[in-house]
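The values are calculated or read from the model by the stated rules, or taken from the named source; none is laboratory data. These numbers were taken from a predicted model, which means no experiment stands behind them. Glycine gets a Cβ as well: all are built from the backbone with ideal geometry, and neighbour counts include every protein chain shown. For accessibility, only protein heavy atoms count, side chains too; no ligands or nucleic acids. Shrake-Rupley method; radii C 1.70, N 1.55, O 1.52, S 1.80 Å.
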Amino acid sequence: MAEIQVGPLDSMLRYDGTYGPYGGAFIPPVLEPQLKKLGEFFDEEVRKDDFKSEFVKILKQYVGRPSPLYFAKNLSDYVGSRIYLKREDLNHTGSHKINNCIGQILLAKRMGAKEIIAETGAGQHGVATATAAAIIGIPCKVFMGAIDVERQALNVRRMKLLGAEVISTDLGSKTLKDAVDAALGYYIEHPDSFYLLGSQVGPNPYPRIVGYFQSVIGNEARQQILEEEGRLPDHIFAAVGGGSNAIGLFSGFLEDESVKIHGGEGGGEGSLPNTAATLSFGKPTVFQGTMSYCLVDDAGNPIPSKSIAAGLDYPGISPHHAYLKDTHRADYFPITDKEAVDAYKLLSKLEGITPAIESSHAVALAIKLLKGKGELAVVNLSGRGDKDVERDM
Ligand SMILES: *Cc1c(COP(=O)(O)O)cnc(C)c1O
């Protein structure tokens, strides 16, 4: 069985938080001491054997890792390539998000945090955070735009059931961006709280923290494909929203030059402004604390994104992916809403696996690029699609 491993630390982490010209921390001075303390604490703590063993134990006994690597024979026959699915959909709470939440909650506990705060749009990160807070026993506040509170009633109930307090904000457009502002305001006023960030975005040190905890995905997948096939894959695929599940898989293969790396973005309707494909259509811009690509208008101001997948519907992107794109180590393609829905239905029928609509973007991209090639690939199935079944797609 594959070993659950994070890291390797030193080759993965950019201690100054920069990825070429990207990354860094563009934050109000009042936040500087908190983030500096968090970065230093993280760098020290994750080296400790007792931290690693506690993290790995929870991933194993509670999350259910290692997640299987499944040979999708029917899909493979359909596409004409050998395709394996990395089953993050089988994790407790239904996606890869829990890996990062467990890692950060352990940091919070060891830092003596009095309270966990998080923001959420569709509620998936909120649920994963409330779950992690429940097992460690730290009070948790989840900030959410008032419109999202209404749209995502089921996840709101779930968070409350898990013991979290859901704080609805009436600021601005009453959605995710406004929830971020509300949570940041609270964080500035309560320095003994811990801001648990859900994707590989935001200022240093978050991108390196999230990338590190999600690296379990790629480390396992690399061992598993070697066990099954005796060789590395020709291609790997992941859906890209903020970039956390993708960096989790990619980090296991970045040094393997023969492995081609591909990310499927939330293409929406296929072009600006109705898209969330940040790397495909955005420009380098400072947005929400970091320098990376961002969707902008003609004047260079960030614009709202649009995607059928709530988890991909974000105008920013991880600075690490910006760097991988510019250096051509990975390539990124927009997948339209329609292509994603087709892949969602196809995988359900062919394999009896209903992927999250987010993950369906990775499946759709794999089908496109692998058709008739006879090559070997791993596709990250970042989450399960139960949450999407109710929608008419
Ligand atoms: C949140 C989410 C994503 C997108 O977030 P990343 O940080 O880009 O991974 C993708 N898939 C699922 C299932 C999600 O819940």
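For ILE353, the conditions (1) surrounded by 24 or more Cβ atoms within 10 Å (Cβ to Cβ); (2) within 14 Å of the ligand (Cβ to nearest atom) all hold with the exception of (1). For region 134-167, a tally of residues being of a type in the set (A, V, I, L, M), touching a Lys or Arg at 6+ places or on another chain (Cβ under 6 Å) and farther than 19 Å from LYS114 by Cα returns 2.
The set of residues in region 176-190 being of a type in the set (Val, Ile, Thr) and either modelled with pLDDT of 95 or more or within 16 Å of the ligand (Cβ to nearest atom) (or both) consists of VAL180 alone. Only one entry in LYS109, LYS97, LYS114 is free of Cβ contacts under 8 Å to residues at least 60 places away in the same chain and not polar (S, T, N, Q), namely LYS109.
Taking the criterion of being out of contact with any Leu (no Cβ under 8 Å at 6 or more places or on another chain) and away from the ligand (no atom under 14 Å from the Cβ), the residues of region 211-246 that qualify are ASN219, GLN223, GLU227, GLY230. Restricting to region 68-90, and then to whatever is open to solvent by less than 10 Å² (accessible area, probe 1.4 Å) and either in a strand (DSSP E or B) or assigned by TED's automatic domain parsing to the domain that holds ALA132 (or both), can you tell me which residue is farthest from ARG208 (Cα to Cα)? By that ranking, first place goes to ILE83. Against the test of being within 16 Å of the ligand (Cβ to nearest atom) and hydroxyl-bearing (Ser, Thr, Tyr), the options SER193, SER173, SER199, SER168 yield a single qualifying residue, SER199.
Per-residue answers, yes or no, for (1) out of contact with any Cys (no Cβ under 6 Å at 6 or more places or on another chain); (2) assigned to a loop (DSSP other than H, G, I, E, B); (3) closer than 26 Å to ILE58 by Cα; (4) open to solvent by 20 Å² or more (accessible area, probe 1.4 Å):
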site	(1), (2), (3), (4)
HIS125	yes, no, yes, no
ALA130	no, no, yes, no
ASP181	yes, no, no, yes
LEU184	yes, no, no, yes
TYR187	yes, no, no, no
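Table: residues versus (1) assigned by TED's automatic domain parsing to the domain that holds ALA122; (2) surrounded by fewer than 23 Cβ atoms within 10 Å (Cβ to Cβ); (3) over 20 Å from the mean Cα position of the chain (by Cα); (4) in a loop (DSSP other than H, G, I, E, B).
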position: ARG231; (1), (2), (3), (4): no, yes, yes, yes
position: ALA239; (1), (2), (3), (4): no, no, no, no
position: GLY248; (1), (2), (3), (4): no, no, no, no
position: GLY252; (1), (2), (3), (4): no, no, no, yes
position: ASP256; (1), (2), (3), (4): no, yes, yes, yes
position: PRO273; (1), (2), (3), (4): no, yes, yes, yes
position: LEU279; (1), (2), (3), (4): no, no, no, no
position: THR285; (1), (2), (3), (4): no, yes, yes, no
position: MET291; (1), (2), (3), (4): no, yes, no, no
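Considering (1) in contact with a strand residue (DSSP E or B) (Cβ under 7 Å, 6 or more places away or on another chain); (2) closer than 30 Å to PRO355 by Cβ, the lone condition that GLY64 does not fulfil carries the number (1).
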